[in-house]
Structures are given as C-alpha cells and as structure tokens.
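Below is one structure, written out as structure tokens; the observations come after it.
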Amino acid sequence: MKKILGIGIFGITAILVLYYAFIYFVTYSEGTRSGELIKISHKGFIVKTWEGEISQGISGAQIFTFSVLDKDKDVIAKLKEYQGQFVKLDYIERYATFFWLGDSKYFITKVTKEQSPHSRN
C-alpha cells in the first residue's frame, strides 16, 4: 500500500513539474510591438508583478498589455525611464501563465526607445 501511495505521489509531482516547465520554458511566439508606453506598474497584494501597457494607435482600443519578470531588472529600469515615450518592445508569448509570473501571457525581453511616427523633424 505504501509503495502504491509513493508511486502515486511521485507521479503527480512529476506531472506538475513537467507542466510548470512547459509553461515557463516553452514559448508560443516571439515578436515586436511598438507604441507609446502609457503604463508600467508593480502591482499585486500578496505577489507583486510588473505589468504595463503601450498604446498602438490613436484610439484606446489598440492597447497591448504585457508583463515583465522580476529577474529582468534592466528591462524594468528602461520601462520606467521611457514612460510616456514611443518604444519598441521585444516579447515572448507563452501558452499560459501563473499568477506569480504576471497577468499577461506576453513577457517583455528587450526595450528600445524609438522615434515617434507622429512627430515631425
């Protein structure tokens, strides 16, 4: 009986570890988005995550929401610095997410400041 219980617990643990590894390491897509950085915040009650938004157009309907992992300190610093400016974001999209990683399936990996297409020089 103990052997069957031990095998069952090991099997459930292995499935949970494999599921977590799949969600964390396997990406669905990679890409780039550009827009005006309108929000970056550190939010949450028990688990705080970094969340942000860029506006990709004139209307509020074209908002891209994203998350940033806590380990990406340089990305967070650049997002804070570029608040309100036009930026280009490189991201990965995961199949799903966990609440301690972020609200969105889109995770930013790189931020660069861009010239706004709305300004004229």
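The values are calculated or read from the model by the stated rules, or taken from the named source; none is laboratory data. The structure displayed is predicted, hence computed values, not measured ones. Note: ideal-geometry Cβ built from the backbone for every residue, glycine included; neighbour counts use all protein chains shown. Remember, those area values only see protein heavy atoms, side chains included, never the ligands or the DNA or RNA. Shrake-Rupley method; radii C 1.70, N 1.55, O 1.52, S 1.80 Å.
For the reader, a short list of remarks on this structure follows.
- Nonpolar atom fraction for the chain, defined as the carbon and sulfur part of the 1.4 Å probe accessible area, stands at 60 percent.
- A simple charge model with +1 on the Cβ of Lys and Arg, -1 on the Cβ of Asp and Glu and nothing else charged puts the dipole of the chain at about 300 debye relative to its Cα centre.
- Model label sites at Thr112 and Ala21, defined 7 Å from Cα along the beta-carbon direction, differ in position by 3.4 nm.
- Whole-Hz couplings from phi, Karplus 6.51/-1.76/1.60, listed for region 93-101; x for Gly and Pro: 10, 9, 5, 7, 9, 10, 4, 7, 8
- Estimated translational D of the chain in µm²/s (Stokes, Kirkwood radius over Cα pairs; 20 °C; 1.002 mPa s): 132
- Using R0 = 30 Å, the C-beta based FRET efficiency linking Lys73 and Ile9 works out to 0.20.
- Sparse-neighbour loop sites [chymotrypsin sites (Phe, Trp or Tyr not before Pro); region 31-84; at most 14 other C-beta within 10 Å; DSSP]: Phe45
- Lysine pair number, Cα distance threshold 13 Å (strictly under), the chain, separation 8 or more or different chains: 11
- Heavy-atom surface of the chain, accessible at 1.4 Å and reported per residue (Å²): 68
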